[in-house]
């Protein structure tokens with residue numbers, strides 16, 4: 001191992017970032033933009049953080065009709081009870097017959113537990129840290145865009161589209177696992193494109209740390225490593241293929257050590273028998289591969305929702321929906337509606353930007369100016385991100401018959417936003433239509449915003465929301 005690290009240090013040099021050119025920008029305008037957008041998303045989260053109220057947000061476990069456990073929106077029914085076992089210091093076995101949820105790594109559930117410890121066993125405590133991770137993913141994504149491109153319009157539109165995504169917003173509003181994993185994934189990419197060092201630790205080291213934390217939040221964080229590996233190996237530059245492979249091996253080693261060390265430490269205190277980390281990893285993998293059946297229905301053919309439906313269309317999945325009937329007329333509207341559906345306005349544009357990027361990379365279309373060349377590199381990164389985060393689910397579905405839920409698309413939502421913004425900021429694309437497109441994305445966001453009690457009843461009836 002020591003020989004590996006010494007070889008890595010000898011050959012490793014931080015790659016030049018895409019954003020290496022001097023740029024004359026008024027930083028205050030960027031700060032103002034991202035501050036206002038982040039604040040707006042933060043307030044939108046806090047407006048609904050206690051909906052539904054704690055007393056109404058319980059569930060009855062299967063086979064135990066006399067028991068009520070906390071959590072009601074989607075997989076909160078698993079992760080809030082799991083967080084409570086951490087708060088209570090309960091030790092569980094590596095099995096599905098308890099509330100500890102050992103089939104997933106611990107970190108996201110630990111953040112839920114911290115919220116319960118600080119603010120109490122209520123909806124605010126359950127969801128507080130997920131709201132923070134989701135909210136601060138917006139400026140983090142903007143910082144990544146600043147590293148990827150020098151095109152202000154591209155940066156702003158991509159960030160606005162990311163902020164408008166309904167799937168990411170809803171999962172940021174409830175106590176589930178995905179959002180902390182994406183937050184650390186964004187940090188890993190930002191570290192990769194930043195040529196900073198701390199003592200002898202470089203950007204590859206910190207990318208590895210953050211990918212490890214991403215996987216500790218949810219095991220699908222390993223797909224961020226896959227993205228980084230493919231992009232780095234095929235990225236143009238003076239470094240040899242061997243050096244690039246060595247870089248990725250170093251990132252993978254740091255990721256694995258981060259994951260293994262922290263998960264092992266957790267297991268010592270919270271898992272009966274303190275199993276060796278490899279036993280827990282084997283359990284997580286066997287559970288994940290063996291998850292079959294129980295697909296959600298709602299495809300355009302009224303059948304189960306499969307990965308091909310994620311990028312075509314599927315009926316919004318109701319995570320938690322309550323209806324109110326208004327008399328006379330028996331008219332109704334949705335008073336609280338958490339739906340699992342991405343912003344399809346953004347998703348559908350992949351059929352435009354992916355062929356465009358491929359054509360330009362193959363030399364079929366030429367880039368005319370330097371800024372566009374850097375934009376293309378950003379779009380190429382987004383394309384690699386999308387394929388490495390989406391195609392594995394196609395393989396799991398077709399190869400193993402593994403259940404694939406539509407919310408798994410959440411990990412590539414930032415990539416889809418980068419790609420869509422790339423398409424609408426080309427020279428030949430009308431600026432007016434681009435603004436209309438971003439407006440349509442926020443229209444979709446507003447339509448699926450979970451609680452609209454600030455609207456008059458008659459309008460909510462018309463919207464059915």
Kirkwood estimate for segment 381-465, i.e. one over the average of 1/r between Cα atoms, Å: 15.9 Å
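Using Cα pairs closer than 8 Å and at least 6 residues apart in sequence, work out the relative contact order for segment 301-409, in percent. Walk me through the numbers before you get to the answer.
Details: 82 pairs, mean separation 33.3, N = 109.
Across segment 301-409, relative contact order equals 31 percent.
Which order do the peptides 411-421, 437-447, 136-146, 244-254 take when ranked by the mean count of other beta-carbon atoms within 10 Å per residue, highest first?
Values: 411-421: 27.7, 437-447: 17.0, 136-146: 22.1, 244-254: 19.5.
The peptides rank, most packed first, as 411-421, 136-146, 244-254, 437-447.
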Full-extension gain in nm, residue 257 to residue 96, via 0.36 nm per residue minus C-alpha separation: 55.4 nm
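Once the Cβ-Cβ distance between residue 272 and residue 27 is put in as r, and R0 is 56 Å, what FRET efficiency do you end up with, to the nearest 0.05? Write down the numbers at each step before the final one.
Numbers: r = 53 Å, r/R0 = 0.95.
Efficiency computed from Cβ-Cβ geometry: 0.60.
Would you mind classifying segment 62-196 by shape? Square roots of the alpha carbon gyration tensor eigenvalues, ordered a ≥ b ≥ c; an a/c under 1.5 is rounded, otherwise it is prolate if a/b is larger than b/c and oblate if not.
Details: a/c = 2.81, a/b = 2.19, b/c = 1.28.
Verdict is prolate for segment 62-196.
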Value at 222 nm in deg cm²/dmol, rounded to 500, when DSSP H runs of n ≥ 4 in the chain each add -39,500 (n - 2.57): -19500 deg cm²/dmol
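Over segment 346-465, what is the relative contact order in percent, taking alpha-carbon pairs closer than 8 angstrom and at least six residues apart? It would help to have the intermediate numbers written out before the result.
Values: 60 pairs, mean separation 33.8, N = 120.
For segment 346-465, the relative contact order is 28 percent.
Can you classify segment 250-366 as rounded, prolate or oblate using the Cα gyration tensor, where a ≥ b ≥ c are the square roots of its eigenvalues, rounded means a/c under 1.5, and otherwise it's prolate if a/b beats b/c and oblate if not?
Values: a/c = 2.62, a/b = 1.25, b/c = 2.10.
Oblate shape, in that a/c is at least 1.5 and b/c is the bigger or equal ratio.
Using the Kirkwood radius over Cα pairs, work out the Stokes-Einstein diffusion coefficient for the chain at 20 °C and 1.002 mPa s, in µm²/s as a whole number.
On the way: Rh = 23.4 Å.
Value of D from the Cα-based Kirkwood radius: 92 µm²/s.
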Cα gyration tensor shape for segment 231-305, rounded if a/c is under 1.5, else prolate or oblate: oblate
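Any idea what the relative contact order of the chain is, in percent, if you count C-alpha pairs under 8 Å spaced at least 6 apart? Before the final figure, lay out each step's value.
Numbers: 696 pairs, mean separation 83.4, N = 465.
Computed value for the chain: 18 percent relative contact order.
Here, each number is a calculation from the coordinates, and none is a lab measurement. Here the structure is a predicted model, which means the values were calculated and not measured. No Cβ is skipped: glycine too gets one built from the backbone with ideal geometry, and neighbour counts run over all protein chains shown.
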